[in-house]
Amino acid sequence: MVGVLDRTGGQKLYIQLAELIREQIKAGQIKEGDLLPTEDNFCRSYEVSKAVVRQAMTELAREGWVLKRQGIGTFASRPQFREGPVMVTGLSDRILDFGLAFETHVIHKGPAALPSDLTALFGGEPPDIMFKIVRLRRVKGSPVLLETAYIHAALCPGLALDDLKNQSLFELIEKRYNLRIQKVACSVDMTSLGEREADLLKAPVGKPALLFDQILTLAGDRTLGFIRSLCPSGDHRIAFEWTRQG
């Protein structure tokens, strides 16, 4: 891999890394189908953290420039462009549609430090305090989805008093705090439940689960927050809402 990251400017490192890789694929320096280096190799080559590498790969995967294969690695790809109206994901936090009404239980809400593996999302100046929200979704009394959100506390100062049980977090942010979410970068992966998650979801430790990450970005490429959702594997279906643009 070639290229140098600029640490003196204001552009986030993961965006620069994604751009370097994207341009190398476009130029044919990395061929479609090539296995990319490991996270550790990227970290050594560019002197960045694993969080920076993972976010860069998430961006590239979302755009179609790489394909992640569980247990094998990440491969170079090319986006499949199609003619016709462009469709983009709607800003909805109803990630998983179970086809049934579900209840939301707020397990935790309050100020919290940003986890170290998420600091790269905020560039070189992560917020001093985030607002952490942990919510559990239930269908007919059974837990089906565990959601953990970290929101920039200074931008949404009243979250401690807001109703986080009966309304969409996305709608709350946009309507109450007048913040327009410009982009939501999403990634989907498989994982297994740890002890805490298994206890809350009433599932066995180690059970396979769907991992759904969302990065909320405002205009000017300013990161507002991060949401991680866990859903144990089962009979639930994944549904995305799409909005036609133009």
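Data table
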quantity	calculated
Local electrostatic count at ARG176 - Lys and Arg +1, Asp and Glu -1, tallied over other residues with Cβ under 12 Å	-3
Set of aspartates and glutamates near LYS31 by C-alpha distance (under 20 Å), chain-local residues within fewer than 8 positions excluded	GLU19, GLU23, GLU39, GLU59, GLU63
Spin-label model distance (nm) - ASP34 vs ALA154, 7 Å beyond Cα toward Cβ	4.1 nm
Alpha-carbon Debye profile of segment 13-76, log10 I(q)/I(0) at 0.15, 0.22, 0.27 Å⁻¹	-0.39, -0.88, -1.35
Fully extended contour minus Cα-Cα distance, from GLU23 to SER142, at 0.36 nm per residue	38.2 nm
Net length gained if the chain between LEU161 and GLN70 were fully extended (0.36 nm per residue, minus Cα distance)	28.7 nm
J(HN,Hα) series, segment 27-37, from Karplus relation 6.51 cos²θ - 1.76 cosθ + 1.60, nearest Hz, glycine and proline x	7, x, 5, 10, 7, 4, x, 5, 7, 6, x
FRET efficiency estimate (nearest 0.05) - Cβ-Cβ, ARG222 to LYS202, R0 45 angstrom	0.75
Debye intensity ratio I(q)/I(0), log10, segment 108-226, q values 0.11, 0.12, 0.15 Å⁻¹ (C-alpha model)	-0.40, -0.48, -0.75
Difference of contour (0.36 nm per residue) and Cα-Cα distance, THR104 to LYS183	26.0 nm
23 Å Cα-Cα threshold exceeded, pairs from LYS109/LYS207; LYS132/LYS175; LYS68/LYS165; LYS50/LYS207; LYS165/LYS202	LYS109/LYS207; LYS68/LYS165; LYS50/LYS207
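Readers should treat all values here as calculations from the given coordinates under stated rules, not as data from a laboratory. What you are looking at is a predicted structure, and each value in this text was computed from that prediction instead of being measured. No Cβ is skipped: glycine too gets one built from the backbone with ideal geometry, and neighbour counts run over all protein chains shown.
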